[in-house]
Every structure is written in C-alpha cells, then in structure tokens.
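One structure is given here, and the rest of the page talks about it.
The values are calculated or read from the model by the stated rules, or taken from the named source; none is laboratory data. Nothing here was measured: the structure is a model prediction, and the numbers come from that model. Please note: Cβ atoms are built from the backbone with ideal geometry, for glycine as well, and neighbour counts cover all protein chains shown. With ligands, DNA and RNA removed, areas are computed over all heavy atoms of the protein, side chains included. Shrake-Rupley method; radii C 1.70, N 1.55, O 1.52, S 1.80 Å.
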Amino acid sequence: MDLFSSLPDDLLCHILSFLSTKEAALTSVLSKRWRYLIAFVPYLEFDDSVFLQSGEGKREKEGILQSFMDFVDRVLALQGDSPIVKFSLKCKTGVDSDHVDRWICNVLARGVSDLDLFIDFKYLYCLPHEVGVSRTLVELRVGSEFDIYWWEKDLCLPMLKTLVLDSCGLCIGQFQILLSACPALEELDMTNTRWRDSNVTVSSPILKELTIDLHGCCSVVNLKSLSFDAPSLVYFYYCDSLAEDYPQVNLKNLVEAQIHLLLTQGQIEQARALNNEMLVDDVFPGLGNAWKLITGLKNVQQLYLSPDTLEVLSRCCEAMPVFNNLKLLSIWSDMNRGWQAMPVLLRNCPHLETLIIEGLLHYVTDKCGDVCDCISRGHKVHPLTSCPVKKLQIYEFRGTIRELEMIKHFLEVFPCLKEMEIYAHENFPTPFKDAKMVERVGKMMNFYNKLSSCSVQFLVRGPL
C-alpha cells in the first residue's frame with residue numbers, strides 16, 4: 001500500500017522540507033501528484049557543491065555552473081510568490097553575482113524569515129540593499145572567505161533575533177552600525193570574523209547569547225580596546241587574542257562563560273617573568289588589563305577556562321574577584337601552561353560545587369600553591385580545606401605517577417568532596433583499563449580513609 005498517497009499536500013511538503021531542494025525536486029517524477037509539490041515547499045536549500053557533486057576540475061567544465069543557475073531559476077519561478085520560511089544558498093566563484101542578487105531579493109519579497117548565505121566569490125561582494133532593510137528576517141547567517149559589504153544607508157532589521165557572521169570581514173565602522181540596526185537581536189555569533197576597528201564595543205540591552213570565536217583568524221588590526229555592555233547576556237563564548245584593554249565589561253546576568261584567550265609565546269614568557277618580579281613594566285599592555293575582563297565575569301554561574309586564560313589569570317591574582325554565584329568551574333590544562341592562578345581562583349569561589357579538570361599535567365612552578373603536589377614542601381599548609389567543592393571530574397587521565405599523587409592530594413585537601421570521576425580517554429594507553437590495576441588503586445585510595453565519604457570511579461571516555 002502507498003501510505004504517502006493518503007497524506008495531505010501540506011504534510012508532504014513538510015516532509016520534503018527535510019531534503020535538499022535538489023532531492024525534493026527529484027520526487028516530481030514519482031507521479032502527477034508529486035510533480036508540482038516543490039512549488040509549495042517553504043524551505044529551500046541550494047548548494048552548488050552538492051548539486052555538482054564536485055569532482056576535480058568539474059566546476060570549470062562548460063555549462064555545469066550554468067545548469068546550477070538554471071535549476072535555481074526554475075525552482076523559484078515554479079514557486080511564484082508563495083510564502084517561504086527559510087532560504088539557504090551556498091555558492092562559490094563561477095556563479096553569476098547578478099543571479100545571486102536576484103535570488104536573494106526574490107525570497108525577501110516573499111517574506112523569508114530565515115536566510116542562510118555562504119557566498120565565496122574571492123572578491124568583495126555587496127549584499128543586496130534589501131537584506132539590510134528586511135522587516136521579516138528573524139535569523140540571518142552570512143559567510144564568506146572574503147569581505148562582505150553591508151549597505152550602511154537606511155540599515156534596519158527590526159525583527160532580527162539571530163545574526164551569525166562566519167569567516168567574513170566587516171569594513172571599518174560597519175560592526176557598530178550593524179549592531180545598532182538590530183534592536184531585537186538576542187543571539188550574535190562571530191566566527192573567524194576579522195576585526196578592522198581598533199576599538200570595538202558590543203552594546204545591547206537585550207542580547208542573550210554572544211559568541212566571538214576568532215581562533216585561527218588573523219585580524220587586520222590589533223584591538224586596542226574591547227568593551228561589553230550587555231546586561232541581559234546569559235551565554236558568552238570568547239576565543240580571541242588578548243585585547244590591550246577592556247574598559248567596560250557589564251555582564252551582570254551571565255550564566256555561562258567560556259573564555260579561551262590566545263597568547264603568544266612572548267606574552268606567556270612575560271607573564272611568568274612579571275610573576276617572578278623579573279620585569280618592571282608590561283611590554284604587552286593586555287596582560288595588565290585582563291583583570292577588567294575577569295572582574296566583569298564575577299556573577300557567572302558556570303565558567304570554562306583554557307590553558308592560556310589560566311596563564312593570564314596569574315597576572316590578576318591580586319585583583320581576582322569573588323565569584324559568589326559560581327557553581328561549576330572547568331579548567332583545561334596543558335603541559336606548557338601553568339596553574340599559578342588556581343589557588344586564588346579556587347579560594348574565591350565560596351559556593352563552588354563541581355570542579356572539572358581536563359588533564360592534570362601542567363607546567364610546574366612554585367606558584368601552584370596547595371592546589372597540587374607538584375613540588376614537595378616540608379611544611380604544608382592547605383588553605384583549600386575550606387573549598388566547598390563536592391564533585392570533581394578529571395578527564396584525559398593517563399595513569400602516570402604524578403597524576404596519582406595529585407589525585408591523592410585532592411582527596412586530602414577537599415574536605416567536602418563526595419564524588420570523584422576519573423576518565424581515561426579510550427585512545428590513551430593507560431593501565432586503568434585493567435580491572436586489577438583499578439582494584440589496587442582503590443585500595444591505595446582507601447589508605448587515606450576517604451572512600452567512606454567520597455565515591456571514586458574510573459571510567460573510559462570515547463572521542464568527543
């Protein structure tokens with residue numbers, strides 16, 4: 001029995017919306033009833049690489065790109081002026097920009113609310129003016145390996161709630177203009193977007209989610225100042241080189257923050273030299289001003305820090321804020337990065353419940369204090385005995401003697417600890433995949449008389 005034949009057209013169109021437009025169009029050969037269903041599908045997705053099933057040199061074959069453009073033209077013509085919800089277009093050099101403009105304007109005139117564009121023409125491309133004045137767009141994603149030029153005149157997107165800028169550059173002054181033109185913006189994602197302004201302010205009274213991920217992206221200019229005035233922000237992901245200054249950081253309602261500062265080797269060496277009082281002045285001003293960024297995060301409830309960020313925090317120990325709301329702290333370690341900031345950081349988290357450590361091995365210094373047992377101390381003082389952490393999760397465990405000593409140390413210094421989970425990555429050759437070894441470690445832990453109050457589990461985590 002043909003069950004699909006009994007379904008109404010609206011439901012069939014909804015099913016087709018989960019396919020690429022090329023696949024949906026192919027269903028027109030099934031029967032007369034299916035022939036024109038593509039005309040009523042409210043979700044369109046065009047990707048020239050999928051359409052062409054790109055092989056080496058195939059893009060250059062005569063007529064191939066023209067057939068892609070003809071296909072998009074036919075589908076849009078068939079749909080006429082029927083309503084459309086989402087339009088996705090991904091195309092590269094060889095597709096005519098006039099066609100692209102015409103397609104975009106077509107769906108904007110039909111009230112599209114979700115527009116997803118990745119246009120890689122290897123030259124400056126100007127988005128149609130209609131994009132910047134749409135009164136129906138709610139979600140807008142724009143990506144390009146090169147600059148995207150935004151019309152500045154009359155720029156206004158009153159309904160836009162989500163804006164994603166991926167791998168593209170904005171001309172000087174355009175970021176501030178664009179942000180001001182989106183009064184309803186709640187989510188801003190900037191991935192590999194190149195800064196051209198030396199002073200940037202992210203200001204919005206209603207912005208809730210902010211992602212700045214410039215890992216692997218070289219900005220045209222070095223940021224002299226970066227400010228955040230977003231009192232409604234609840235999620236903040238920040239991965240970028242250290243700005244010289246953070247004049248304003250107003251993030252008073254922050255729930256989750258992931259901070260991945262990217263330091264040069266010179267900045268790392270200077271931070272350590274300054275910590276050891278070997279230098280008088282900062283060659284890199286950002287190191288001395290990083291405390292402003294950290295202070296602006298003081299109300300956060302979940303905080304994730306990268307290895308470079310920990311090194312930066314070592315320069316902020318005297319100005320370290322008290323994180324009264326922090327319940328979860330996650331630390332990502334690296335063999336070449338130190339834990340100098342860990343003692344002060346943990347002492348300044350009076351309500352911390354969960355501590356996550358991605359890798360125990362780190363750069364050993366005498367500034368790690370009582371957080372680890374890296375350096376033997378004749379007279380041990382453990383101010384962390386007041387740390388309230390109840391759950392400790394350790395990842396990337398390799399089973400080394402040094403790691404075992406640190407685990408025993410944690411059991412000593414965290415009096416409120418109730419649960420410890422130790423994860424060995426399945427790709428790491430660790431002896432803790434051996435049941436007998438696990439039993440021996442359990443007996444060793446019991447020597448410290450902690451297992452009665454703290455549950456210790458050894459687990460294996462697969463690839464993330």
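Overview of values
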| quantity | calculated |
| --- | --- |
| Whole-percent carbon and sulfur share, accessible surface of the stretch 312-363, 1.4 Å | 47 percent |
| Sequence-distant residues sharing a close amide H with Q248 (under 5 Å, placed H) | F228 |
| Spin-label pair D334/D47, simplified geometry with 7 Å Cα→Cβ offset, distance in nm | 3.2 nm |
| Spin-label model distance (nm) - R74 vs K122, 7 Å beyond Cα toward Cβ | 2.9 nm |
| Extension reserve of the T400-A184 stretch, reckoned as 0.36 nm per residue once the Cα distance is removed | 72.5 nm |
| Cα centroid separation - the stretch 298-339 against the stretch 152-220, whole Å | 26 Å |
| Amide H within-cut-off set for V164, under 5 Å, with H built and near neighbours excluded | L140, R141, V142, D189 |
| Average accessible area per residue (Å²) across the stretch 174-251 - probe 1.4 Å, nucleic acids and ligands excluded | 38 Å² |
| Protection proxy ranking of 321-331, 224-234 - average other beta-carbon atoms within 10 Å, highest first | 224-234, 321-331 |
| In sequence order, calculated HN-Hα J values of the stretch 251-259 (Karplus, 6.51, -1.76, 1.60; Hz; x Gly/Pro) | 10, 6, 10, 5, 9, 10, 9, 10, 10 |
| Accessible surface of the stretch 87-214 [probe 1.4 Å, protein heavy atoms]: carbon and sulfur percent | 53 percent |
| DSSP-loop GluC sites (Glu not before Pro) across the stretch 108-189, with at most 14 other Cβ within 10 angstrom | E152 |
| Sequence-distant residues sharing a close amide H with T201 (under 5 Å, placed H) | S227 |
